[in-house]
1. Kindly identify the stretch B:90-140 as rounded, prolate or oblate by the Cα gyration tensor criterion: order the square roots of the eigenvalues as a ≥ b ≥ c, call it rounded if a/c is under 1.5, otherwise compare a/b with b/c, prolate if a/b is larger, else oblate.
2. Relative contact order, percent, of chain B when contacts are C-alpha pairs under 8 Å separated by at least 6 residues?
3. By the gyration tensor of its Cα atoms, with a ≥ b ≥ c the square roots of the eigenvalues, what is the shape of the stretch B:47-142: rounded for a/c under 1.5, prolate for a/b over b/c, or oblate?
4. Would you mind checking the tilt of helix B:19-43 against the longest principal axis of the Cα atoms of chain B, expressed as 0 to 90 degrees and rounded to 10?
5. Could you identify which residue out of A:35, A:68, A:51 has the top mean-square fluctuation in a GNM of chain A using Cα springs shorter than 10 Å?
6. Across peptide B:69-78, how many C-beta atoms of other chains are within 10 Å of each residue C-beta, on average?
7. Taking the Cα atoms only, what angle lies between the long axis of helix A:58-70 and the longest principal axis of chain A, rounded to 10 degrees?
8. Specify whether the C-alpha gyration tensor of the stretch B:59-104 places it in the rounded, prolate or oblate class, a ≥ b ≥ c being the square roots of the eigenvalues: rounded for a/c under 1.5, otherwise prolate if a/b is larger than b/c and oblate if not.
């Protein structure tokens, strides 16, 4: 499953507070459209790379990137300093 | 009853060995099969525990705390990237690793190695406590 929501929380003392809820599920259809538009160029690049024997497989890289993004669901990073009351909290769901 | 045991009992029945000798032989056979079973259990792959995440926790003495939860699937997907690295770049990476004292060949990583690595991560627990009170913990869990 591809991640659907990303939560970002940044606190720096009492001066700066940022709380973002990023709906990734809105971004994915656009990414799909961009990929479809780029598809002819990607196919061309793949053919050129194969003819040049460069051993760089664009579609395999895109597939691996997609699986990497999919695997990010559940990733949580939290960095905080209690002394300075600062916090960076990223959650991907 | 296995073949060896039957043979020992037959030898005892035929009078070729005494009861004490038969007992010793049966004991030795029992120990041997026990050791074989232990060896087989060690070789047999461990069942995959229901672990989903790797946790990295850093508790600093200066109150800088880091808490990271990494899905194991991300490690698996990341390892898949090694198969996409061009051979020339792999050679450069391998030589750089060797220079740093890590004699590790990235080209030798197979998908089954990745699965075994992840399976064995379940038993892994790293606890580091420094002199100045910093604590680093790495473990896997649900």
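1. Working: a/c = 4.67, a/b = 1.39, b/c = 3.35.
Oblate is the answer for the stretch B:90-140, as a/c is 1.5 or above yet b/c matches or exceeds a/b.
2. Values: 134 pairs, mean separation 38.2, N = 142.
Taking the mean separation of contacting Cα pairs over the length of chain B, I get 27 percent.
3. Because a/c hits 1.5 or more and a/b fails to exceed b/c, the stretch B:47-142 counts as oblate.
4. So the helix axis and the longest Cα principal axis differ by about 20 degrees.
5. Among A:35, A:68, A:51, the largest GNM mean-square fluctuation belongs to A:51.
6. Numbers: counts 6, 6, 8, 2, 8, 10, 1, 3, 9, 4.
So the per-residue partner count for this stretch is 6.
7. It is inclined by approximately 20 degrees.
8. Oblate, because a/c is 1.5 or more while a/b does not exceed b/c.
Coordinate-derived values only; no laboratory data. Here the structure is a predicted model, which is why all the values come from computation and not from measurement. Neighbour counts run over all protein chains shown; Cβ positions are idealised from the backbone, glycine included.
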